[in-house]
Each structure stands twice: as C-alpha cells, then as structure tokens.
Amino acid sequence: MASSTSPSMSATEKKAAVSLAGIFALRMFGLFLIMPVFAIYAGNLDGVTPVLIGLAIGIYGLTQALFQIPFGMLSDRIGRKPVIIGGLLLFAIGSVVAANGDSIITVIIGRAIQGSGAIAAAVMALAADLTRETHRTKAMAIIGMSIGFSFALSLVAGPLLGAWIGVSGIFWLTAVLALAGIGILALFVPTPAKSSVHRDAESVPGQFGRVLSNTGLLRLDFGIFVLHMVMTSLFISYPLMLRDSGGLAVVDHWMVYLPVLLVSIAMMVPFIIIAERRNKMKPVFLGAVASLAIAQAGLGLMAESLWGLVGWLLLYFAAFNLLEATLPSLISRIAPASSKGTAMGVYSTSQFFGAFLGGLVGGWVFSHHGAQGVMLFGAIAVSVWLLAAAGMQAPLLKTRMLKIPDGTNDLQAYEQRLNAIEGVEEVVLVTEESVAYLKVNSRQLDTISLEAEEASA
C-alpha cells in the first residue's frame with residue numbers, strides 16, 4: 001500500500017471503494033426498484049389496503065433500523081465479509097419470498113426480510129479497514145454517491161421493469177442482484193490484513209450517551225427521519241397522481257422521473273458551492289427545508305395537471321437532493337471528534353425508522369384523505385422540521401484524522417503539539433486505533449503545520 005502521506009488513493013484503496021460501492025448500489029437499487037410502481041400494481045394482490053401497501057413499501061426500514069448497528073458490531077467479532085454475505089443472502093431470501101407472494105401480507109414479510117439483511121455498517125467498517133485515515137472520507141464519498149445513483153436509476157428503471165416483468169419479476173431481479181453482490185465481494189473486495197474498530201466509521205457502544213444528548217445532532221436525526229418519512233409516503237400517492245391526474249401511462253413514468261432528477265441535480269450544485277465556500281450552510285439548509293415544504297403543499301393543493309405534477313416534483317427533488325447531500329456533512333461537523341461513527345449510526349437508524357413510518361402513516365392518510373392528503377401530511381411534517389431546524393447553530397468545524405506516528409512515546413506532548421496548531425479546536429487520541437481525531441476550523445487552519453504532522457506519520 002502507498003505511504004500514509006500519499007496525496008491519492010492507492011490501487012487497493014480504489015478497488016475496495018469502487019467494489020464496495022457496487023455492492024451497496026446493487027442492494028439499494030433492489031430495495032428502491034418497487035417504490036415508483038408498487039402502489040399501482042399492488043391492486044392485484046390479495047388482501048390489499050392502502051395501509052398495507054404503505055407498510056409493504058416502508059417495512060424494510062424497520063428491520064434495517066433494528067439490525068444495522070448490531071450487525072456492524074457483529075462484524076467486529078466474526079469478520080466483515082461473513083456479515084455482508086449473510087446480509088445479502090437474507091436480502092435474496094426476502095426477494096424470493098416477495099416474488100412468490102400472491103397476497104400483500106407475503107410481500108410485507110418478504111420486504112421485512114430484505115431489510116433485515118442490513119449490511120450498511122459492516123460495509124462502512126470494511127471500507128475503513130481497507131483505507132488509510134487520510135483517504136477514508138473519499139472512500140465513504142464514493143459509497144455515498146453510489147447510493148444516490150442507485151436511487152435515481154431505480155426511479156427510471158422501476159416503471160419500465162414493472163411494465164415488462166411485473167412486480168414479481170422485479171423481486172426476482174433483486175434476488176439476482178443480491179447474489180451478484182456476493183460475487184463482487186468474493187472476487188473484487190480485498191481482505192484486510194486485520195479488522196479493528198474505527199470510531200469515524202462505526203458505532204461504539206460507549207459513545208451513544210454522548211451522541212444522544214447532543215441537541216445539534218438530535219435536530220439532524222429528526223431531519224433525516226422526516227425527510228425519509230415524507231419521501232416514502234410520497235411514493236404511495238405520486239405514481240397514482242401521475243396516472244390519474246396527469247394521464248400518463250405507468251410505463252411512461254420514467255419520462256417524468258429522468259428529466260426531473262437530472263435538472264434537480266443541476267439546480268442543487270450551485271447551492272452546495274454557496275454553502276461550503278461562502279460559509280452559508282445554515283441559510284441554504286433552511287431554504288432547502290422550506291422549499292421541500294412548499295413543494296409538498298403544491299403537490300397537495302395545486303397539482304391537477306401533468307405539468308403541475310412535474311413542476312412541483314422538480315422543486316421537491318431539488319430540495320431533497322440538497323438535503324441528502326448536506327445532512328451527513330452537518331453530522332460530521334457537529335459530532336464530537338471521536339464519535340462520528342456513532343453519530344452516523346444513530347443518524348442512519350433515524351433515516352430507516354422514518355422510511356418505515358412514512359409507509360405506515362402515509363398509507364393510513366391515503367385511506368382517509370386520498371393522495372392530496374398524503375402530500376399535505378408531508379408539508380405539515382416538513383414545516384415542523386423547519387421550526388426545529390431554525391434553532392441550529394451554523395457549524396464551522398470539520399473532522400480530520402491523523403495517524404499517530406509510530407514510536408510516539410510522549411502522547412501528551414504530541415497532543416499538545418496538535419492543539420497548538422492554529423485552527424485546531426479539539427484533539428482526541430485513540431491509542432488502540434493509533435489515530436488522532438481532530439476538530440478544525442478550516443478557515444483558520446494552519447494547513448502547512450498540520451500537513452507536516454501528517455508527513456511525520
């Protein structure tokens with residue numbers, strides 16, 4: 001492997017990041033594929049009701065939330081790859097159960113099994129095992145981008161596949177994708193020389209109290225909870241609105257989703273630049289939350305034509321994509337230096353619980369108030385989030401990691417040396433990982449001195 005100060009990722013690190021991203025993308029693509037079509041095709045199943053349709057869409061979130069942190073901790077004990085293989089096999093089994101289901105209850109059971117194959121934490125831990133501290137953020141970013149890509153692709157492919165092979169065929173396809181993920185793991189993902197706990201990538205039991213008592217983190221956890229609750233509920237009603245109010249055949253729904261996603265991503269980029277480079281994170285963030293609430297209200301009150309449905313969805317996804325990109329960054333900035341992994345674990349759990357509740361509550365609202373009622377429910381939920389987010393502090397600090405140089409005997413002196421660097425606000429040494437976790441003010445940071453410390457490792 002390249003030296004710890006190499007400015008670029010080594011070939012092994014790139015291979016690990018790309019292959020793990022591929023595994024993650026295949027799994028998430030399989031989970032998301034039914035979202036844009038299930039509400040329409042579920043009418044062919046026995047015992048179907050709006051509440052059960054919502055439960056089938058969102059139940060994966062419940063089991064994912066329950067198992068992702070425990071499976072990550074299990075991977076510390078028995079190894080990353082066995083846990084990932086087991087999770088992908090569970091996903092494949094759930095897919096087969098759902099594919100063979102003639103009733104909505106069977107599909108719900110299959111979706112629950114799919115979600116129980118929660119490999120997110122184990123994949124992140126394996127990525128941390130296979131990358132150096134200075135390049136770990138890049139690897140995590142590659143994996144994160146793969147999730148966004150799989151979501152976008154699923155919205156385009158779902159309607160086409162639903163028309164060609166049906167929902168049952170989609171579930172069979174997701175089983176194949178899970179097995180393909182196992183193949184990628186076996187053939188392309190390197191096996192780490194050793195596995196250890198990485199506080200920047202994994203949940204640590206002793207850190208939960210500190211994370212759960214941090215009001216700034218709790219605001220963000222509530223935010224991702226609401227964001228995915230509203231997103232899941234949207235797909236209970238929006239496909240039906242496209243068909244009934246927009247007059248668009250299901251097989252053609254991709255013609256809405258594809259341009260909307262592409263344009264919304266282009267709309268998002270300038271605001272990310274403004275937030276990061278001009279230190280306008282808070283106003284950009286609050287503006288995105290407000291835009292999301294407006295889009296939901298527009299879909300509920302002013303979307304009686306195809307163009308109205310497309311226009312409001314464009315605003316929705318521009319805000320959604322911006323929030324999906326900024327929320328993890330905010331978690332990283334606000335979390336204590338040595339608790340980022342735990343903070344992200346709680347954040348992800350909140351996200352999956354939101355997806356579950358969005359399906360359940362969205363289905364109930366649909367049964368009583370119709371598709372427009374689901375959209376207005378989303379507008380109210382996001383408005384509550386906006387009120388909660390208004391009190392957030394503008395985050396100025398970022399997390400950095402340094403490998404503690406080999407042979408460092410006087411740790412106290414080393415810590416004092418790091419603390420003396422201008423712009424370094426917090427230093428936590430974790431000797432069992434041989435890592436120094438820093439909180440730095442990037443606008444004031446003496447990068448030359450910090451890079452000199454990195455080079456000494």
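The values are calculated or read from the model by the stated rules, or taken from the named source; none is laboratory data. Keep in mind that this is a model prediction, so the values were computed, not measured. Positions of Cβ are backbone-derived with ideal geometry, glycine not excepted, and every protein chain shown enters the neighbour counts. Each accessible area value is taken on the protein alone, full model and side chains, heavy atoms only, with ligands, DNA and RNA left out. Shrake-Rupley method; radii C 1.70, N 1.55, O 1.52, S 1.80 Å.
Return the residues of region 179-217 that are more than 20 Å from Leu429 (Cα to Cα), aliphatic (A, V, I, L, M), open to solvent by 40 Å² or more (accessible area, probe 1.4 Å) and part of a loop (DSSP other than H, G, I, E, B); say none if nothing qualifies.
The answer is Ala193, and nothing else.
Just the residues that are open to solvent by 20 Å² or more (accessible area, probe 1.4 Å) and either free of Cβ contacts under 8 Å to residues at least 24 places away in the same chain or among the hydrophobic types (A, V, I, L, M, F, W, C) (or both), please, taken from region 347-362.
Phe353, Phe356, Leu357, Leu360, Val361
Let's see how each residue does on (1) more than 23 Å from the chain's Cα centre (by Cα); (2) within 19 Å of Gly148 (Cα to Cα); (3) open to solvent by 10 Å² or more (accessible area, probe 1.4 Å); (4) of a type outside the set (Asp, Glu):
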residue: Ile274; (1), (2), (3), (4): no, no, yes, yes
residue: Val284; (1), (2), (3), (4): no, no, yes, yes
residue: Met302; (1), (2), (3), (4): yes, no, yes, yes
residue: Ser305; (1), (2), (3), (4): yes, no, yes, yes
residue: Asn321; (1), (2), (3), (4): no, yes, yes, yes
residue: Ala325; (1), (2), (3), (4): no, yes, yes, yes
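Check whether at least one residue in region 68-79 is over 21 Å from the mean Cα position of the chain (by Cα) and at positive phi, and report yes or no.
yes
Among the residues of region 98-152, write down those that are within 24 Å of Met73 (Cα to Cα), part of a helix (DSSP H, G or I) and without any contact (Cβ under 8 Å) to a residue 60 or more places away in the chain.
Matches in region 98-152: Arg111, Ala112, Ile113, Ser116, Ala122, Thr137, Ala141.
Quick check: is even one residue across region 65-83 within 22 Å of Phe29 (Cα to Cα), without any contact (Cβ under 8 Å) to a residue 40 or more places away in the chain, crowded, with 23+ Cβ neighbours inside 10 Å and outside the structural domain of Val365 (by the TED database)?
Yes, that holds for at least one residue.
Read through the list (1) part of a helix (DSSP H, G or I); (2) in the same structural domain as Ser305 (by the TED database); (3) farther than 20 Å from Leu306 by Cβ, then give the number of the only condition that Asn279 fails.
It fails just one condition, (1).
Looking at (1) closer than 26 Å to Gly206 by Cβ; (2) surrounded by 12 or more Cβ atoms within 10 Å (Cβ to Cβ); (3) modelled with pLDDT under 85, can you tell me which one Ser442 breaks?
(1)
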